[in-house]
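A short worksheet on the structure shown next.
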Amino acid sequence: MMSKKQNVILLGMAASGVVSCTDAETPEAPGKDDRHINPGFPNVVLIVADDMGYGDISGLNADSKIHTPNIDALCSSGLVFTDAHSASSMSTPSRYSILTGRYPWRTTLKQGVLQSDSPAMITDGRRTLGNLFQDAGYNTACIGKWHLGMNWKFNGSVIDYSAPIENGPTERGFDYFYGIAASLDMPPYVYIENDRVTQAPSRILPERTGIERMRSGEASEEFIPEEVFPNMTERAISYIENNGGSGKPFFLYLPLTAPHTPVLPSPEFKGRSSIGAYGDFVIMIDDMVQQIVFALKRAGVYENTIIIFTADNGCAHYVGTKNMEKLGHYPSYGYRGYKSDIFEGGHRIPLIVSWNGKTTGQRNGSPVCLSDFYATFAQMLGTHPANGEAEDSYSFYGALTGNEDTERKDIVATSNDGSFSLTRDGMKVIFTATSGGWSDPASGSDISGLPPLQIYNLGSDRSESTNLYDTDVNIIVDSYKATMRDYVNNGRSTPGIPVSNDTGNDWEQTRPFTDGD
(Lines give C-alpha, C1' and ligand atoms only; values in the text may rest on other atoms or scores of the structure.)
Protein backbone atom coordinates (compact mmCIF):
# COMPACT_ATOMS: atom_id res chain seq x y z
CA MET A 1 0.00 0.00 0.00
CA MET A 2 1.18 3.53 -0.74
CA SER A 3 2.22 5.69 2.22
CA LYS A 4 1.45 9.31 2.55
CA LYS A 5 4.97 10.02 1.25
CA GLN A 6 4.48 8.94 -1.70
CA ASN A 7 -7.13 -18.34 -17.82
CA VAL A 8 -5.30 -15.54 -19.98
CA ILE A 9 -7.72 -15.13 -22.89
CA LEU A 10 -5.86 -14.47 -26.15
CA LEU A 11 -8.15 -12.45 -28.38
CA GLY A 12 -5.76 -11.62 -31.20
CA MET A 13 -3.53 -8.84 -32.43
CA ALA A 14 -5.62 -7.27 -35.18
CA ALA A 15 -5.93 -3.58 -35.98
CA SER A 16 -8.77 -3.27 -33.54
CA GLY A 17 -6.20 -3.93 -30.85
CA VAL A 18 -8.05 -6.88 -29.35
CA VAL A 19 -5.89 -8.11 -26.52
CA SER A 20 -5.51 -10.57 -23.70
CA CYS A 21 -6.75 -9.80 -20.23
CA THR A 22 -5.65 -11.51 -17.07
CA ASP A 23 -8.47 -13.11 -15.11
CA ALA A 24 -8.41 -11.23 -11.82
CA GLU A 25 -10.89 -10.41 -9.11
CA THR A 26 -11.23 -7.09 -7.36
CA PRO A 27 -9.76 -7.66 -3.88
CA GLU A 28 -11.99 -7.18 -0.89
CA ALA A 29 -11.34 -4.05 1.14
CA PRO A 30 -10.97 -4.20 4.90
CA GLY A 31 -14.22 -3.17 6.53
CA LYS A 32 -16.27 -3.43 3.35
CA ASP A 33 -19.81 -2.18 3.91
CA ASP A 34 -22.21 -1.59 1.05
CA ARG A 35 -25.23 -0.76 3.19
CA HIS A 36 -25.26 2.88 2.16
CA ILE A 37 -25.36 2.56 -1.61
CA ASN A 38 -26.64 5.76 -3.12
CA PRO A 39 -29.86 5.21 -5.07
CA GLY A 40 -30.41 6.59 -8.55
CA PHE A 41 -27.56 7.68 -10.79
CA PRO A 42 -24.19 6.00 -10.20
CA ASN A 43 -21.11 7.76 -8.94
CA VAL A 44 -18.38 8.20 -11.54
CA VAL A 45 -14.63 8.10 -10.93
CA LEU A 46 -12.67 9.04 -14.06
CA ILE A 47 -8.96 8.23 -13.67
CA VAL A 48 -6.70 9.64 -16.41
CA ALA A 49 -3.07 8.52 -16.32
CA ASP A 50 -0.53 10.96 -17.74
CA ASP A 51 1.53 9.54 -20.65
CA MET A 52 0.77 5.84 -20.16
CA GLY A 53 1.13 3.43 -23.06
CA TYR A 54 -1.46 0.87 -24.11
CA GLY A 55 1.11 -1.89 -23.59
CA ASP A 56 1.96 -0.89 -20.01
CA ILE A 57 -1.05 -2.71 -18.54
CA SER A 58 -0.68 -6.48 -18.12
CA GLY A 59 -4.43 -6.92 -18.57
CA LEU A 60 -4.11 -5.42 -22.04
CA ASN A 61 -0.73 -6.87 -22.96
CA ALA A 62 0.03 -10.48 -22.07
CA ASP A 63 3.72 -9.77 -22.68
CA SER A 64 3.91 -6.70 -20.46
CA LYS A 65 6.86 -6.68 -18.06
CA ILE A 66 4.81 -4.60 -15.63
CA HIS A 67 2.35 -6.49 -13.42
CA THR A 68 -0.80 -4.43 -12.82
CA PRO A 69 -3.24 -6.75 -10.96
CA ASN A 70 -5.59 -4.00 -9.81
CA ILE A 71 -6.06 -2.44 -13.24
CA ASP A 72 -6.36 -6.00 -14.58
CA ALA A 73 -9.19 -6.51 -12.10
CA LEU A 74 -11.01 -3.60 -13.71
CA CYS A 75 -10.56 -5.43 -17.03
CA SER A 76 -12.22 -8.50 -15.56
CA SER A 77 -15.07 -6.59 -13.94
CA GLY A 78 -15.46 -4.11 -16.77
CA LEU A 79 -15.62 -3.33 -20.45
CA VAL A 80 -12.33 -2.92 -22.32
CA PHE A 81 -12.39 -0.78 -25.45
CA THR A 82 -9.60 -2.18 -27.61
CA ASP A 83 -9.70 0.59 -30.26
CA ALA A 84 -9.77 3.64 -27.98
CA HIS A 85 -8.00 6.89 -28.85
CA SER A 86 -7.27 10.32 -27.49
CA ALA A 87 -8.16 13.24 -29.74
CA SER A 88 -4.53 14.36 -29.56
CA SER A 89 -1.21 12.75 -28.74
CA MET A 90 -0.49 15.65 -26.36
CA SER A 91 -1.72 16.50 -22.87
CA THR A 92 -3.56 19.82 -23.01
CA PRO A 93 -5.57 19.19 -26.19
CA SER A 94 -6.47 15.67 -25.07
CA ARG A 95 -7.79 16.94 -21.73
CA TYR A 96 -9.81 19.62 -23.49
CA SER A 97 -11.63 16.97 -25.52
CA ILE A 98 -12.22 14.80 -22.43
CA LEU A 99 -13.99 17.59 -20.56
CA THR A 100 -15.80 19.32 -23.44
CA GLY A 101 -16.57 16.55 -25.94
CA ARG A 102 -15.05 18.76 -28.61
CA TYR A 103 -11.94 18.42 -30.74
CA PRO A 104 -9.19 20.69 -29.38
CA TRP A 105 -8.14 22.00 -32.79
CA ARG A 106 -11.40 23.95 -32.92
CA THR A 107 -9.88 26.31 -30.35
CA THR A 108 -7.01 28.76 -30.78
CA LEU A 109 -4.53 26.04 -29.71
CA LYS A 110 -3.45 24.49 -33.02
CA GLN A 111 -0.34 22.70 -31.74
CA GLY A 112 1.64 21.98 -28.59
CA VAL A 113 0.43 22.42 -25.02
CA LEU A 114 -0.22 25.19 -22.53
CA GLN A 115 2.19 26.28 -19.80
CA SER A 116 1.41 26.59 -16.09
CA ASP A 117 0.72 30.32 -16.37
CA SER A 118 -1.29 30.16 -19.62
CA PRO A 119 -4.81 31.64 -19.56
CA ALA A 120 -7.88 29.43 -19.52
CA MET A 121 -8.35 27.37 -22.68
CA ILE A 122 -12.00 26.49 -21.95
CA THR A 123 -13.87 29.64 -22.85
CA ASP A 124 -16.72 31.23 -20.92
CA GLY A 125 -19.98 29.49 -21.70
CA ARG A 126 -18.34 26.26 -22.92
CA ARG A 127 -19.92 23.47 -20.88
CA THR A 128 -17.87 20.64 -19.43
CA LEU A 129 -18.46 17.21 -17.95
CA GLY A 130 -18.46 18.93 -14.58
CA ASN A 131 -21.41 21.14 -15.62
CA LEU A 132 -23.22 18.12 -17.02
CA PHE A 133 -22.99 16.26 -13.72
CA GLN A 134 -23.71 19.36 -11.64
CA ASP A 135 -26.97 19.88 -13.51
CA ALA A 136 -27.94 16.28 -12.67
CA GLY A 137 -27.48 16.92 -8.95
CA TYR A 138 -23.97 15.53 -8.53
CA ASN A 139 -21.19 16.77 -6.32
CA THR A 140 -18.20 17.31 -8.62
CA ALA A 141 -14.47 17.39 -7.94
CA CYS A 142 -11.22 17.53 -9.85
CA ILE A 143 -8.12 16.31 -8.01
CA GLY A 144 -4.79 16.25 -9.83
CA LYS A 145 -3.29 17.87 -12.90
CA TRP A 146 -5.44 20.50 -14.65
CA HIS A 147 -3.27 21.69 -17.59
CA LEU A 148 -6.09 23.59 -19.28
CA GLY A 149 -5.01 27.06 -18.29
CA MET A 150 -6.33 29.42 -15.64
CA ASN A 151 -6.16 33.17 -15.21
CA TRP A 152 -3.55 34.12 -12.64
CA LYS A 153 -3.30 37.69 -11.41
CA PHE A 154 -0.02 39.30 -12.46
CA ASN A 155 1.82 42.28 -11.04
CA GLY A 156 3.71 43.14 -14.18
CA SER A 157 5.31 39.83 -15.16
CA VAL A 158 5.17 38.36 -11.65
CA ILE A 159 2.33 36.15 -10.41
CA ASP A 160 0.48 37.51 -7.37
CA TYR A 161 0.11 34.30 -5.37
CA SER A 162 -2.09 36.00 -2.77
CA ALA A 163 -4.84 36.74 -5.30
CA PRO A 164 -7.62 34.35 -6.30
CA ILE A 165 -7.21 32.50 -9.60
CA GLU A 166 -9.99 33.05 -12.12
CA ASN A 167 -11.43 30.70 -14.75
CA GLY A 168 -9.96 27.60 -13.18
CA PRO A 169 -11.70 24.28 -12.45
CA THR A 170 -14.20 25.73 -9.96
CA GLU A 171 -15.51 27.99 -12.72
CA ARG A 172 -15.58 25.14 -15.22
CA GLY A 173 -18.01 22.78 -13.53
CA PHE A 174 -16.18 21.52 -10.45
CA ASP A 175 -17.38 22.22 -6.91
CA TYR A 176 -13.95 21.35 -5.56
CA PHE A 177 -10.41 21.36 -6.95
CA TYR A 178 -7.12 20.34 -5.45
CA GLY A 179 -4.07 19.93 -7.60
CA ILE A 180 -1.48 21.59 -9.78
CA ALA A 181 -1.81 23.96 -12.70
CA ALA A 182 -0.07 21.84 -15.33
CA SER A 183 2.46 19.01 -15.56
CA LEU A 184 4.63 18.09 -12.60
CA ASP A 185 7.73 19.24 -14.47
CA MET A 186 6.36 22.77 -15.04
CA PRO A 187 6.80 25.58 -12.48
CA PRO A 188 5.48 27.25 -10.45
CA TYR A 189 5.54 24.29 -8.06
CA VAL A 190 2.58 25.07 -5.82
CA TYR A 191 -0.64 23.37 -4.79
CA ILE A 192 -3.94 25.00 -5.62
CA GLU A 193 -7.13 24.40 -3.65
CA ASN A 194 -10.25 25.69 -5.35
CA ASP A 195 -9.12 29.13 -6.57
CA ARG A 196 -6.21 29.79 -4.18
CA VAL A 197 -2.59 28.77 -3.89
CA THR A 198 -2.25 26.95 -0.57
CA GLN A 199 1.27 28.24 0.07
CA ALA A 200 3.22 30.83 -1.90
CA PRO A 201 6.64 29.97 -3.34
CA SER A 202 9.63 30.77 -1.16
CA ARG A 203 12.46 28.87 -2.88
CA ILE A 204 13.75 27.74 -6.25
CA LEU A 205 13.81 24.06 -7.20
CA PRO A 206 16.85 23.21 -9.31
CA GLU A 207 16.57 21.63 -12.72
CA ARG A 208 16.50 17.84 -12.88
CA THR A 209 17.44 15.78 -15.92
CA GLY A 210 16.91 12.26 -17.23
CA ILE A 211 13.64 10.54 -16.37
CA GLU A 212 13.42 12.77 -13.28
CA ARG A 213 13.45 15.80 -15.55
CA MET A 214 11.96 18.98 -14.11
CA ARG A 215 12.41 22.59 -15.08
CA SER A 216 13.96 24.89 -12.51
CA GLY A 217 11.42 27.22 -10.95
CA GLU A 218 9.64 28.71 -7.97
CA ALA A 219 8.34 26.28 -5.36
CA SER A 220 6.55 26.43 -2.04
CA GLU A 221 8.11 24.77 1.02
CA GLU A 222 5.29 22.21 1.17
CA PHE A 223 5.76 21.16 -2.46
CA ILE A 224 7.96 18.06 -2.52
CA PRO A 225 7.90 16.50 -6.02
CA GLU A 226 8.19 12.93 -4.68
CA GLU A 227 5.11 13.49 -2.49
CA VAL A 228 2.78 14.99 -5.10
CA PHE A 229 1.30 11.77 -6.48
CA PRO A 230 0.79 10.18 -3.01
CA ASN A 231 -0.75 13.46 -1.84
CA MET A 232 -3.25 13.44 -4.72
CA THR A 233 -4.12 9.82 -3.92
CA GLU A 234 -4.86 10.67 -0.30
CA ARG A 235 -6.97 13.66 -1.32
CA ALA A 236 -9.01 11.48 -3.69
CA ILE A 237 -9.56 8.86 -1.00
CA SER A 238 -10.68 11.53 1.48
CA TYR A 239 -13.08 12.95 -1.09
CA ILE A 240 -14.67 9.54 -1.67
CA GLU A 241 -15.00 8.83 2.04
CA ASN A 242 -16.45 12.27 2.76
CA ASN A 243 -18.95 12.18 -0.11
CA GLY A 244 -19.94 8.52 -0.16
CA GLY A 245 -22.62 9.03 2.47
CA SER A 246 -23.75 12.49 1.41
CA GLY A 247 -26.96 11.28 -0.22
CA LYS A 248 -25.85 12.78 -3.54
CA PRO A 249 -23.92 11.00 -6.27
CA PHE A 250 -20.46 12.34 -7.07
CA PHE A 251 -18.29 12.77 -10.14
CA LEU A 252 -14.59 12.61 -9.35
CA TYR A 253 -12.27 13.57 -12.19
CA LEU A 254 -8.83 12.26 -11.22
CA PRO A 255 -6.18 13.37 -13.76
CA LEU A 256 -2.97 11.83 -12.43
CA THR A 257 0.48 13.40 -12.50
CA ALA A 258 2.05 10.01 -13.35
CA PRO A 259 3.77 8.28 -15.09
CA HIS A 260 4.71 11.60 -16.74
CA THR A 261 8.15 12.96 -15.89
CA PRO A 262 9.53 13.36 -13.32
CA VAL A 263 9.40 9.58 -12.86
CA LEU A 264 9.47 9.37 -9.06
CA PRO A 265 8.27 6.07 -7.59
CA SER A 266 8.05 6.06 -3.80
CA PRO A 267 10.70 4.02 -1.94
CA GLU A 268 8.39 1.05 -1.37
CA PHE A 269 7.87 0.71 -5.13
CA LYS A 270 11.47 1.03 -6.27
CA GLY A 271 12.71 -2.18 -7.82
CA ARG A 272 9.23 -3.70 -8.07
CA SER A 273 9.47 -4.08 -11.86
CA SER A 274 12.19 -5.60 -14.02
CA ILE A 275 12.44 -2.61 -16.36
CA GLY A 276 13.41 0.23 -14.06
CA ALA A 277 11.83 3.31 -12.51
CA TYR A 278 9.14 3.79 -15.15
CA GLY A 279 7.80 0.29 -14.53
CA ASP A 280 7.93 0.91 -10.78
CA PHE A 281 5.93 4.13 -11.28
CA VAL A 282 3.23 2.29 -13.24
CA ILE A 283 3.01 -0.27 -10.41
CA MET A 284 2.53 2.66 -8.04
CA ILE A 285 -0.41 3.80 -10.19
CA ASP A 286 -1.82 0.28 -10.03
CA ASP A 287 -1.60 0.43 -6.23
CA MET A 288 -3.48 3.73 -6.31
CA VAL A 289 -6.30 2.04 -8.24
CA GLN A 290 -6.53 -0.55 -5.47
CA GLN A 291 -6.71 2.22 -2.87
CA ILE A 292 -9.51 3.95 -4.78
CA VAL A 293 -11.48 0.68 -4.98
CA PHE A 294 -10.96 0.06 -1.27
CA ALA A 295 -12.15 3.60 -0.46
CA LEU A 296 -15.30 3.12 -2.53
CA LYS A 297 -16.02 -0.13 -0.66
CA ARG A 298 -15.41 1.43 2.75
CA ALA A 299 -17.76 4.27 1.82
CA GLY A 300 -20.40 1.71 0.79
CA VAL A 301 -20.66 2.98 -2.78
CA TYR A 302 -18.53 0.60 -4.82
CA GLU A 303 -21.53 -1.31 -6.18
CA ASN A 304 -23.02 1.92 -7.49
CA THR A 305 -19.89 3.50 -8.98
CA ILE A 306 -18.55 3.55 -12.53
CA ILE A 307 -14.75 3.42 -12.47
CA ILE A 308 -12.96 4.48 -15.64
CA PHE A 309 -9.25 4.04 -16.23
CA THR A 310 -7.64 5.65 -19.26
CA ALA A 311 -4.71 7.83 -20.35
CA ASP A 312 -4.42 11.21 -22.04
CA ASN A 313 -2.02 9.95 -24.75
CA GLY A 314 0.71 7.39 -25.36
CA CYS A 315 3.93 6.81 -23.46
CA ALA A 316 6.67 9.43 -23.89
CA HIS A 317 9.78 8.19 -25.64
CA TYR A 318 12.08 10.03 -23.23
CA VAL A 319 11.25 7.81 -20.22
CA GLY A 320 13.59 5.12 -21.53
CA THR A 321 11.39 3.31 -24.03
CA LYS A 322 14.30 2.01 -26.10
CA ASN A 323 15.86 0.33 -23.09
CA MET A 324 12.49 -1.07 -22.02
CA GLU A 325 11.97 -2.51 -25.47
CA LYS A 326 15.38 -4.20 -25.31
CA LEU A 327 14.13 -5.85 -22.11
CA GLY A 328 11.00 -7.05 -23.89
CA HIS A 329 8.51 -4.41 -22.73
CA TYR A 330 6.72 -2.39 -25.41
CA PRO A 331 4.74 0.56 -23.96
CA SER A 332 3.09 1.20 -27.35
CA TYR A 333 2.15 -2.52 -27.67
CA GLY A 334 3.87 -2.84 -31.02
CA TYR A 335 2.17 0.19 -32.52
CA ARG A 336 4.41 2.79 -34.10
CA GLY A 337 5.38 5.95 -32.28
CA TYR A 338 4.89 7.49 -28.86
CA LYS A 339 3.45 10.58 -27.25
CA SER A 340 3.42 13.57 -29.66
CA ASP A 341 3.17 11.41 -32.80
CA ILE A 342 0.31 11.00 -35.22
CA PHE A 343 1.17 7.29 -35.41
CA GLU A 344 -0.96 4.88 -33.35
CA GLY A 345 1.45 4.80 -30.41
CA GLY A 346 0.78 8.48 -29.84
CA HIS A 347 -2.99 8.37 -29.47
CA ARG A 348 -4.12 4.74 -29.01
CA ILE A 349 -4.73 4.48 -25.28
CA PRO A 350 -6.15 2.11 -22.65
CA LEU A 351 -9.84 2.61 -21.86
CA ILE A 352 -11.44 0.40 -19.24
CA VAL A 353 -14.93 1.05 -17.85
CA SER A 354 -15.94 -0.99 -14.80
CA TRP A 355 -19.55 -0.80 -13.67
CA ASN A 356 -20.21 -3.59 -11.22
CA GLY A 357 -22.84 -6.03 -12.44
CA LYS A 358 -23.24 -4.34 -15.83
CA THR A 359 -19.83 -4.74 -17.47
CA THR A 360 -18.04 -8.02 -16.76
CA GLY A 361 -14.99 -9.05 -18.76
CA GLN A 362 -16.31 -7.73 -22.05
CA ARG A 363 -14.28 -6.56 -25.07
CA ASN A 364 -15.42 -4.02 -27.62
CA GLY A 365 -13.39 -3.34 -30.76
CA SER A 366 -15.44 -0.38 -32.00
CA PRO A 367 -13.64 2.97 -32.38
CA VAL A 368 -13.98 5.21 -29.34
CA CYS A 369 -12.48 8.62 -28.57
CA LEU A 370 -12.01 10.24 -25.17
CA SER A 371 -14.25 13.05 -26.41
CA ASP A 372 -17.11 10.52 -26.22
CA PHE A 373 -17.47 10.70 -22.44
CA TYR A 374 -19.73 13.74 -22.72
CA ALA A 375 -22.42 12.20 -24.94
CA THR A 376 -22.16 8.90 -23.08
CA PHE A 377 -22.88 10.39 -19.69
CA ALA A 378 -25.48 12.75 -21.11
CA GLN A 379 -27.37 9.68 -22.33
CA MET A 380 -26.94 7.99 -18.95
CA LEU A 381 -28.36 11.08 -17.24
CA GLY A 382 -31.32 11.25 -19.62
CA THR A 383 -30.30 14.37 -21.50
CA HIS A 384 -28.67 15.27 -24.80
CA PRO A 385 -25.98 17.82 -25.71
CA ALA A 386 -27.48 21.04 -26.97
CA ASN A 387 -26.40 22.64 -30.24
CA GLY A 388 -22.99 24.20 -29.72
CA GLU A 389 -22.10 21.65 -27.05
CA ALA A 390 -19.98 18.46 -27.26
CA GLU A 391 -19.78 18.75 -31.03
CA ASP A 392 -17.47 15.75 -31.43
CA SER A 393 -18.88 13.39 -28.82
CA TYR A 394 -20.55 10.07 -29.69
CA SER A 395 -22.24 8.02 -27.00
CA PHE A 396 -20.96 4.56 -26.12
CA TYR A 397 -23.56 4.14 -23.37
CA GLY A 398 -25.25 1.37 -25.31
CA ALA A 399 -22.05 -0.63 -25.21
CA LEU A 400 -21.87 -0.21 -21.42
CA THR A 401 -25.39 -1.50 -20.93
CA GLY A 402 -25.00 -4.29 -23.48
CA ASN A 403 -27.85 -3.06 -25.63
CA GLU A 404 -26.04 -1.83 -28.72
CA ASP A 405 -22.68 -0.91 -30.19
CA THR A 406 -20.95 2.46 -30.11
CA GLU A 407 -22.08 5.29 -32.38
CA ARG A 408 -18.66 6.46 -33.60
CA LYS A 409 -17.51 5.41 -37.10
CA ASP A 410 -14.07 7.02 -37.38
CA ILE A 411 -11.16 8.42 -35.41
CA VAL A 412 -9.74 11.90 -35.93
CA ALA A 413 -6.43 12.53 -34.15
CA THR A 414 -3.83 15.28 -34.11
CA SER A 415 -0.14 15.34 -33.24
CA ASN A 416 2.14 17.76 -31.44
CA ASP A 417 2.50 19.97 -34.53
CA GLY A 418 -1.25 19.83 -35.18
CA SER A 419 -1.15 17.42 -38.12
CA PHE A 420 -4.28 15.34 -38.71
CA SER A 421 -5.12 11.70 -39.28
CA LEU A 422 -8.44 10.05 -40.09
CA THR A 423 -9.05 6.33 -39.58
CA ARG A 424 -12.12 4.45 -40.76
CA ASP A 425 -12.66 0.69 -41.14
CA GLY A 426 -8.99 0.02 -40.48
CA MET A 427 -7.69 2.37 -43.20
CA LYS A 428 -5.76 5.37 -41.92
CA VAL A 429 -4.77 8.50 -43.82
CA ILE A 430 -2.18 10.81 -42.23
CA PHE A 431 -2.25 14.30 -43.72
CA THR A 432 1.48 14.93 -43.36
CA ALA A 433 4.72 13.30 -44.49
CA THR A 434 6.19 13.09 -40.96
CA SER A 435 5.29 11.73 -37.53
CA GLY A 436 3.90 15.14 -36.63
CA GLY A 437 5.81 14.77 -33.39
CA TRP A 438 9.21 13.72 -32.12
CA SER A 439 9.66 10.32 -33.78
CA ASP A 440 11.47 9.73 -37.07
CA PRO A 441 10.66 11.35 -39.44
CA ALA A 442 10.07 14.11 -36.93
CA SER A 443 8.09 17.26 -37.53
CA GLY A 444 10.33 19.86 -39.12
CA SER A 445 12.83 17.33 -40.47
CA ASP A 446 13.92 17.13 -44.09
CA ILE A 447 11.09 15.36 -45.90
CA SER A 448 12.32 15.84 -49.45
CA GLY A 449 11.47 12.77 -51.46
CA LEU A 450 8.78 11.56 -49.03
CA PRO A 451 5.15 11.28 -50.20
CA PRO A 452 3.04 14.20 -48.96
CA LEU A 453 0.51 11.88 -47.30
CA GLN A 454 0.63 8.51 -45.59
CA ILE A 455 -1.88 5.68 -45.98
CA TYR A 456 -1.80 2.57 -43.83
CA ASN A 457 -3.93 -0.55 -43.64
CA LEU A 458 -3.99 -1.13 -39.90
CA GLY A 459 -5.64 -4.49 -40.37
CA SER A 460 -2.50 -5.94 -41.93
CA ASP A 461 0.07 -3.37 -40.86
CA ARG A 462 -0.58 -2.15 -37.34
CA SER A 463 3.01 -0.89 -37.08
CA GLU A 464 2.37 1.54 -39.96
CA SER A 465 5.49 0.38 -41.77
CA THR A 466 4.25 0.35 -45.39
CA ASN A 467 2.93 3.59 -46.81
CA LEU A 468 0.36 2.73 -49.50
CA TYR A 469 0.50 6.16 -51.12
CA ASP A 470 0.48 5.90 -54.93
CA THR A 471 -1.16 2.47 -54.84
CA ASP A 472 -4.66 1.40 -55.74
CA VAL A 473 -5.98 2.46 -52.31
CA ASN A 474 -5.45 6.13 -53.14
CA ILE A 475 -9.10 6.32 -54.07
CA ILE A 476 -9.89 6.65 -50.37
CA VAL A 477 -7.89 9.86 -50.06
CA ASP A 478 -10.49 12.04 -51.81
CA SER A 479 -13.21 10.60 -49.59
CA TYR A 480 -11.19 11.20 -46.43
CA LYS A 481 -10.35 14.74 -47.52
CA ALA A 482 -14.03 15.48 -48.09
CA THR A 483 -14.89 14.12 -44.65
CA MET A 484 -12.23 16.25 -42.96
CA ARG A 485 -13.37 19.36 -44.85
CA ASP A 486 -16.91 18.76 -43.61
CA TYR A 487 -15.77 18.20 -40.05
CA VAL A 488 -13.84 21.46 -40.07
CA ASN A 489 -16.35 23.60 -41.98
CA ASN A 490 -19.38 22.40 -40.00
CA GLY A 491 -17.72 23.03 -36.64
CA ARG A 492 -18.72 19.52 -35.64
CA SER A 493 -18.31 15.86 -36.59
CA THR A 494 -21.64 14.77 -35.10
CA PRO A 495 -24.97 15.23 -36.90
CA GLY A 496 -26.63 18.57 -36.29
CA ILE A 497 -26.78 22.21 -37.22
CA PRO A 498 -23.37 23.62 -38.25
CA VAL A 499 -21.65 25.76 -35.63
CA SER A 500 -18.52 27.89 -35.61
CA ASN A 501 -15.00 26.98 -34.63
CA ASP A 502 -13.26 29.41 -32.30
CA THR A 503 -11.10 30.44 -35.27
CA GLY A 504 -11.75 30.39 -38.99
CA ASN A 505 -11.90 27.15 -40.98
CA ASP A 506 -8.54 27.53 -42.67
CA TRP A 507 -5.17 27.15 -41.00
CA GLU A 508 -1.86 25.58 -41.93
CA GLN A 509 -2.60 22.03 -40.76
CA THR A 510 -5.94 21.82 -42.61
CA ARG A 511 -4.50 22.64 -46.03
CA PRO A 512 -3.54 19.07 -47.00
CA PHE A 513 -7.26 18.34 -47.23
CA THR A 514 -8.49 21.77 -48.31
CA ASP A 515 -5.89 22.81 -50.92
CA GLY A 516 -4.91 19.40 -52.26
CA ASP A 517 -1.55 17.70 -51.84
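Residues of region 311-332 that are surrounded by fewer than 24 Cβ atoms within 10 Å (Cβ to Cβ), hydroxyl-bearing (Ser, Thr, Tyr) and within 25 Å of Phe81 (Cα to Cα): Thr321, Tyr330. Counting the residues of region 90-110 that are assigned to a loop (DSSP other than H, G, I, E, B) and crowded, with 20+ Cβ neighbours inside 10 Å gives 5. Evaluation of His67 against the conditions (1) buried (at least 24 other Cβ atoms within 10 Å of the Cβ); (2) over 22 Å from Ile430 (Cβ atoms) shows that the sole unmet condition is (1). Residue-level analysis places Ile455 among those that are surrounded by fewer than 23 Cβ atoms within 10 Å (Cβ to Cβ), in contact with a helix residue (DSSP H, G or I) (Cβ under 7 Å, 6 or more places away or on another chain) and not assigned by TED's automatic domain parsing to the domain that holds Gly112.
Ile308 meets each of the listed conditions (1) surrounded by 24 or more Cβ atoms within 10 Å (Cβ to Cβ); (2) under 23 Å from Ser89 (Cβ atoms) apart from (1). Among residues of region 113-131 that are surrounded by fewer than 17 Cβ atoms within 10 Å (Cβ to Cβ), those with a beta-carbon under 6 Å from a residue that is of a type outside the set (S, T, N, Q) and assigned to a loop (DSSP other than H, G, I, E, B) at least six positions away or on a different chain give the pairs Pro119/Gly149.
Residues of region 398-433 that are in a strand (DSSP E or B), out of contact with any Asp or Glu (no Cβ under 7 Å at 6 or more places or on another chain) and within 18 Å of Ser340 (Cα to Cα): Ile411, Val412, Ala413, Thr414, Phe420, Ser421, Lys428, Val429, Ile430. For region 206-222, a residue qualifies if it is part of a strand (DSSP E or B), under 14 Å from Thr261 (Cβ atoms) and out of contact with any Asp or Glu (no Cβ under 7 Å at 6 or more places or on another chain), and exactly one does: Arg208. On inspection, Asp372 qualifies as outside any loop (DSSP other than H, G, I, E, B), of a type in the set (D, E, K, R) and under 18 Å from the mean Cα position of the chain (by Cα). Of all residues in region 261-279, those satisfying the criterion of being buried (at least 22 other Cβ atoms within 10 Å of the Cβ) and either out of contact with any Lys or Arg (no Cβ under 8 Å at 6 or more places or on another chain) or among the acidic types (Asp, Glu) (or both) are Val263, Leu264, Tyr278.
The values are calculated or read from the model by the stated rules, or taken from the named source; none is laboratory data. Every value quoted in this text rests on a predicted model; they were computed, and no experiment measured them. Backbone-built Cβ (ideal geometry, glycine too); neighbour counts: all protein chains shown.
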